[in-house]
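Engineer: My structure is below; once you've seen it, I'll send some questions.
The values are calculated or read from the model by the stated rules, or taken from the named source; none is laboratory data. All values derive from a computational prediction rather than experimental measurement. A quick note on method: Cβ atoms are made from the backbone with ideal geometry, for glycine too, and the neighbour counts reach across all protein chains shown. Areas reflect the complete protein model, heavy atoms only, side chains present, ligands, DNA and RNA absent. Shrake-Rupley method; radii C 1.70, N 1.55, O 1.52, S 1.80 Å.
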Amino acid sequence: MSTAFAQRNNLDPRQFWLHGKEPDEPVSFDEQSGMWNVYGHQEVLDVLADTTTFSSDTARLVPIEGEFSRGNLLKMDPPEHNKLRKLVGHAFTSKMIASLEPRIVDLTHELLDTSAGSGRMEVVEDLAYPLPVIVIADLLGLPNSDRDLFKRWVGEVFERPEGFTRGEPTPESTQNAVDQMGKLIAYLHEHATERRVKPRNDLLTRLVEAEVDGERLSDTEVANFGAVLLIAGHITTTMLLGNTVLCMDTFPEARAAVQSDRSRIPGMIEESLRYLSSFAAISRCTNRPGRVGGRTIEADQLVLLWLAAANRDPRRFDRPHEFDITRDPNPHLAFGRGVHYCIGTQLARMEGRVAMNVLFDRFPHFRVDPDDAPQFQPSPYMTGVTRLSLLTD
């Protein structure tokens, strides 16, 4: 990240690794943590493509994850992963997503109505969080009136600044995250149990009724599956929206170009995803020895794939630290790649496009409040604003 960006937004250059020194090599081993780090764009692609060697099921090396693994798409490998992914594939078709656009336009206006006339708004609380969580809750069949519960549970998992010491979670913060995740799973388990007795026309009912190789999912699997959809279905879009607004304020030339030609909004969103990658890192573990970037990684090793670093790899991106909405091609990895490519990518992009268009329509002169500095996710594995105050007059 550029020094100018950090200074403009009052950021401590040490807060995120990508504000500081670039990695010396695309693959390295960290003696202190005992983990491998993969930073290079091609090297990350190589790992994501080899699901036999590099497994998403890290629970055997991180046992605390085990209770949430059953039915968790993010922690499964092919072929089991492919079977479950097909269950929700029909809920994220291009036709279905296109049908949601009028509802998302109306919802964005409704959310922005709460800030109209006040001269200010808080982007995350007023728009970036409620918009995607209402959409995914509607799809699952959950009452959007419960969104404050979702926010509290997920926020406790990801957003506790006291839970990190030198970039690593403490035992206390880890247990708290498990406890809050357990509350979310229990909530969804209750809804899954209800759907078996009183089915509805929603995604949760389809999960309850679906069969995989002739067997139905258990309520625990449905709950874990639903939790992944709920969390992944909103948190990426929440960060995407907040980060995009921040970039528009930080880079006035890009903003002016977008406001004069709204067809540039998709390019602006893609560059925001590259420049401020929501999930800075994802994890894998090795089932067997493998070679990446000229290094051999033995079996049973934890591997961190730094998507944020790969999206700044100068071997793949020209002028990687510049914000360029005309960048083409822009093969960023913000949504992953391969079998675990984010299933809600099209929906997230559409929500971003709609929200930014409506925001420009309603508050064309929005700007970050200079007296209220942006607040960022404390986790070193995520990049996104948790608070972003705007002046709208």
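Engineer: Sort out which residues of segment 256-276 are assigned to a helix (DSSP H, G or I) and in contact with a Cys (Cβ under 8 Å, 6 or more places away or on another chain), and write them in order of number.
Structural biologist: Matches in segment 256-276: 268, 271, 272, 275.
Engineer: Name the pairs: first residue in segment 347-374 and touching a residue at least 24 places away in the same chain (Cβ under 8 Å), second residue acidic (Asp, Glu), Cβ to Cβ under 8 Å, at least 6 apart or on different chains?
Structural biologist: 350/101; 354/101; 365/393; 366/249; 367/249; 368/249
Engineer: Here is a follow-up. Give all pairs with beta carbons closer than 6 Å in which a residue from segment 315-326 that is open to solvent by 30 Å² or more (accessible area, probe 1.4 Å) meets a residue that is assigned to a loop (DSSP other than H, G, I, E, B) and among the small types (Gly, Ala, Ser); count only pairs at least 6 apart in sequence or on separate chains.
Structural biologist: 321/2
Engineer: Of these, 111, 107, 127, 100, which one is of a type outside the set (Asp, Glu) and within 19 Å of the chain's Cα centre (by Cα)?
Structural biologist: 127
Engineer: Pairs under 7 Å by beta carbon, first residue touching a residue at least 12 places away in the same chain (Cβ under 8 Å) in segment 193-212, partner aromatic (Phe, Trp, Tyr), six or more apart or different chains?
Structural biologist: Within 7 Å, the pairs are 207/225.
Engineer: Report, by residue number, each residue of segment 148-192 that is open to solvent by 30 Å² or more (accessible area, probe 1.4 Å), aliphatic (A, V, I, L, M) and either closer than 15 Å to residue 380 by Cα or at pLDDT below 80 (or both).
Structural biologist: Once the filter is applied, which keeps residues that are open to solvent by 30 Å² or more (accessible area, probe 1.4 Å), aliphatic (A, V, I, L, M) and either closer than 15 Å to residue 380 by Cα or at pLDDT below 80 (or both), segment 148-192 yields only 157.
Engineer: Further question: Filter segment 367-376 down to the residues that are part of a loop (DSSP other than H, G, I, E, B) and either farther than 10 Å from residue 242 by Cβ or in contact with a Pro (Cβ under 6 Å, 6 or more places away or on another chain) (or both), then identify the one that is most open to solvent (accessible area, probe 1.4 Å).
Structural biologist: Top of the filtered list is 371.
Engineer: Could you check how many residues of segment 377-393 are at pLDDT 90 or above, touching an Asp or Glu at 6+ places or on another chain (Cβ under 8 Å) and assigned to a loop (DSSP other than H, G, I, E, B)?
Structural biologist: 1
Engineer: Still on this structure, please answer the following. Report whether or not residue 311 is surrounded by fewer than 22 Cβ atoms within 10 Å (Cβ to Cβ) and touching a helix residue (DSSP H, G or I) at 6+ places or on another chain (Cβ under 6 Å).
Structural biologist: no
Engineer: Out of the residues in segment 270-297 meeting the condition of being in contact (Cβ under 8 Å) with a residue 40 or more places away in the chain and among the basic types (Lys, Arg), tell me which one is most open to solvent (accessible area, probe 1.4 Å).
Structural biologist: Checked segment 270-297; the qualifying residue most open to solvent (accessible area, probe 1.4 Å) is 288.
Engineer: Quick one: count up the residues across segment 96-145 that are among the polar types (S, T, N, Q) and crowded, with 17+ Cβ neighbours inside 10 Å.
Structural biologist: 2
Engineer: Among the listed residues 244, 236, 205, identify the single one that is at pLDDT 85 or above, β-branched (Val, Ile, Thr) and over 30 Å from residue 363 (Cα atoms).
Structural biologist: The unique qualifying residue is 205.
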